[in-house]
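Everything below concerns the one structure shown next.
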Amino acid sequence: MSGFEARWLDLREPADMAARDPELLEAAAAYLSARPNALAVDLGCGTGSTLRTLGPLVPGLNWRLVDNDPALLAEAERRRPPGSSVETLLADLGDLDALELRPARLATASALFDLASRDFVARLAGRLAREGIGLYAALSYDGTIVFDVPHAEDAAMVALFNAHQRSDKGLGPALGPDAGAALADELAGQGLDVRTASSPWRLDGGMSGLQTKFVEGMATAVRETGELAEAAIAAWLDARLAVVESSGCRVGHLDVLALPR
Ligand SMILES: C[S@@+](CC[C@H](N)C(=O)[O-])C[C@H]1O[C@@H](n2cnc3c(N)ncnc32)[C@H](O)[C@@H]1O
């Protein structure tokens, strides 16, 4: 178990799909479409959200889905589109040297790199450049959360949530909010042609289920830091839960597309 439940990933998928920058998504699809029968390797695939988003734009695309969570990988396998060419691979991305990327033309990932360290991102960028593989990395959290209805503890909650985001999630000290920028920097440093675009979640009352899980997750993370009194966290959470159906929030992300020149 990676700690990511299929139920949580399902809840966020519609918001993720709406948030992904359309130009970078189309550019990734065009890059693959120009290379018939190409292979895309999805890193930290979960149940296959990137396949479901990018796959329909590139007929004939082959996939290798990689995750270290057997339950999510089994779910990705179960959900694979009929007639599609999908191979699943149970592997720890931390063991990057052992990970088979070839003959992929593009590596993909979504909501992954904020979990990873700068060292991991640098090593991956080096491998991609050496092997002539591009990267489409969507939805790295950028540290910004703005609620329509403000609360006095918002700033403290967001700051502590962001601090928690930097803890080690298995791939070294996590970049958290710095992931998208660090990724772009490392990939550009390796000579790839890098484009970035903002891809925020815009959650409204119609996404109260996702908002509920999101603010509950924030509260849990802030509790784990031990830096804010329980009464303050509980009061903030109560106030947030009271308005999930009548208001919304914006959660910032960055998409990155890096292609060999
Ligand atoms: C936030 S989820 C995103 C899943 C999917 N990309 C999506 O957008 O729905 C992060 C994914 O990365 C996987 N993951 C985290 N650390 C990993 C590691 N060290 N090796 C392989 N997969 C990992 C998790 O199991 C999970 O599926």
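The values are calculated or read from the model by the stated rules, or taken from the named source; none is laboratory data. The structure presented is a predicted model; accordingly, all values stated were derived computationally and were not measured. Note that we place each Cβ from the backbone using ideal geometry, even for glycine, and neighbour counts take in every protein chain shown. Heavy atoms of the whole protein, side chains included, go into the accessibility calculation; ligands, DNA and RNA do not. Shrake-Rupley method; radii C 1.70, N 1.55, O 1.52, S 1.80 Å.
Which loop-located chymotrypsin sites (Phe, Trp or Tyr not before Pro) does segment 1-82 contain, where loop means any DSSP state but H, G, I, E or B and the Cβ has at most 14 other Cβ atoms within 10 Å?
none
Between ALA159 and SER85, what is the FRET efficiency for a Förster distance of 41 Å, r being their Cβ-Cβ separation, to the nearest 0.05?
Working from the Cβ atoms, E equals 0.35.
Distance from a point 7 Å along Cα→Cβ of GLU245 to each backbone N in segment 205-236: keep the residues under 19 Å and list them by number.
Under cut-off, by backbone N: 205-216.
Of GLY83, GLY176, GLY248, which is the most mobile in a GNM of the chain whose springs link Cα atoms less than 10 angstrom apart?
Evaluated over the chain, the most mobile residue of the options is GLY83.
Taking only Cα atoms, what is the 0 to 90° angle, nearest 10, from helix 208-225's long axis to the longest principal axis of the chain?
Here the helix axis deviates by roughly 80 degrees.
If you roll a 1.4 Å probe over segment 58-100 with all protein chains in place, what percent of the accessible area is carbon or sulfur?
50
Which value, in Å² rounded to 10, gives the accessible area of LEU39 with a 1.4 Å probe and all protein chains present?
Using a 1.4 Å probe on the heavy atoms, I get roughly 20 Å².
If one takes the longest principal axis of the Cα atoms in the chain, at what angle in degrees, from 0 to 90 and to the nearest 10, does the Cα axis of helix 154-165 lie?
Around 40 degrees separate the two axes.
Return one whole number: the accessible area per residue of the chain in Å², for a 1.4 Å probe.
So the chain comes to 43 Å² accessible per residue, rounded to a whole number.
Want the number for ALA232 to GLU131: 0.36 nm per residue separation, take away the alpha-carbon distance, what's left?
31.3 nm
Sort all Cα-Cα distances of the chain into consecutive 10 angstrom bins from zero, then give the percent of pairs in each bin up to the one containing the longest distance.
Per 10 Å bin, starting at zero, the Cα-Cα P(r) for the chain comes out as 7, 30, 36, 19, 7, 0 percent.
Rounded to the nearest 10 degrees, what's the angle between the helix 6-19 long axis and the longest principal axis of the chain, both from Cα atoms, 0 to 90?
80
How large is Rg/Rh for segment 111-201, to two decimals, with Cα atoms and a Kirkwood Rh? Spell out each step's value before the answer.
On the way: Rg = 14.7 Å, Rh = 14.1 Å.
Computed over Cα atoms, the ratio is 1.04.
Please sort by residue number the GluC sites (Glu not before Pro) in segment 33-140 whose DSSP state is loop and whose Cβ has at most 13 other Cβ atoms within 10 Å.
GLU100
Would you work out the charge dipole size for the chain about its Cα centre, treating the Cβ of every Lys and Arg as +1 and the Cβ of every Asp and Glu as -1, and quote it to the nearest 20 debye? Each step should come with its number before you reach the end.
Working: 24 positive and 37 negative charges, 169 e Å.
So the dipole magnitude of the chain works out to roughly 820 debye.
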